[in-house]
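A short worksheet on the structure shown next.
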Amino acid sequence: MVGDGEALAPEGLQATIGVVPMGDVGEVAVRIVAAHLQTVLGLAVDILERRPVSDRCYVPDRRQYDAAKLIAALKECSASWPYLKIVAVLSVDLGVPILRFVFGEAEMGGRCAVVSGYRLRRNEDGTDAGLEVYYERLAKVALHETAHTLSLFHCDDPRCLMHFAASTKHLDRIRLFFCARCAFLLKKTVQTLLESHGP
Ligand SMILES: [Zn+2]
Ligand SMILES: [Zn+2]
């Protein structure tokens, strides 16, 4: 969570989420993220042109990309795009200074989020999780991070999408739904957005 990007949103934007494939993330993964954002959040989604992952965000010591820097770069390049929220989907390892790795990162109540499938392909014991589990995990992370941009905080319900998951094992315990409280908060936020920005 790195501050508030609402001030950067351009004029005339619609309540649509722009999903940006970055680097060599698979096309199916991107479509699955887009479909879940559209269905679960009830907002229109456009898949945008593929972009490279910015070298400026690479941290050689950690062999990772800095998630906060990626968000800052995304904010900069997307400043004039007519989308309410921008969600980048990647397949590189993401980190932040205080955590060894993150599945994704978002601006709390802001505009941009990044999610990566890098840590989602395998189980904790190193075995392959299988494509179906991988896609479900990626959808959960994308919904979680996008909900942060819609001002939702973490939730105590261990099965809710807004519960903080530090591992794939935790992520697998979460269902593909928001709890009643989070769903209510989200619905209110999305309704307000649709009223002020049009469908
Ligand atoms: Zn979170
Ligand atoms: Zn919840």
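Structure data summary
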| read-out | value |
| --- | --- |
| Hits among lysines - C-alpha to C-alpha of LYS85 under 24 Å, sequence gap 8 or more where chains match | LYS69, LYS75, LYS140, LYS187, LYS188 |
| For ILE47, ILE98, ILE174, order by how many other beta-carbon atoms lie within 10 Å, fewest first | ILE98, ILE47, ILE174 |
| Alpha-carbon radius of gyration plus Dmax, which is the widest Cα pair, for the stretch 6-153 in Å | 14.4, 48 |
| Positive-end residue, the chain charge dipole about Cα centroid, Cβ charges, pick of ASN123, THR146, TRP81 | ASN123 |
| Most mobile listed residue (VAL28, VAL133, VAL115) in the chain, GNM with C-alpha springs under 10 Å | VAL28 |
| Relative contact order of the chain, defined on C-alpha pairs under 8 angstrom at six or more residues apart (%) | 23 percent |
| Surrounding net charge for ASP157, when Lys and Arg each add one and Asp and Glu each subtract one, Cβ distance under 12 Å | +3 |
| Extended-chain gain in nm, criterion 0.36 nm per residue less alpha-carbon gap, GLU76 and LYS188 | 37.5 nm |
| Residues with amide H under 5 Å from that of ASP93, placed H, sequence gap 5 or more | TYR65 |
| Cα centre as origin, Lys/Arg/Asp/Glu Cβ charges: the chain dipole, Debye | 320 debye |
| Computed lengthening from ALA44 to ARG173, 0.36 nm per intervening residue step minus Cα-Cα distance | 43.7 nm |
| Estimated inter-spin distance, LEU131 and ASP156, nm [label 7 Å along Cα→Cβ] | 4.1 nm |
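Taken together, the values in this text are just the output of simple stated rules run on the coordinates, not laboratory data. As the structure is a prediction and not an experimental result, all values here were calculated from the model. Cβ: placed from backbone, ideal geometry, glycine included. Neighbour counts: every protein chain shown.
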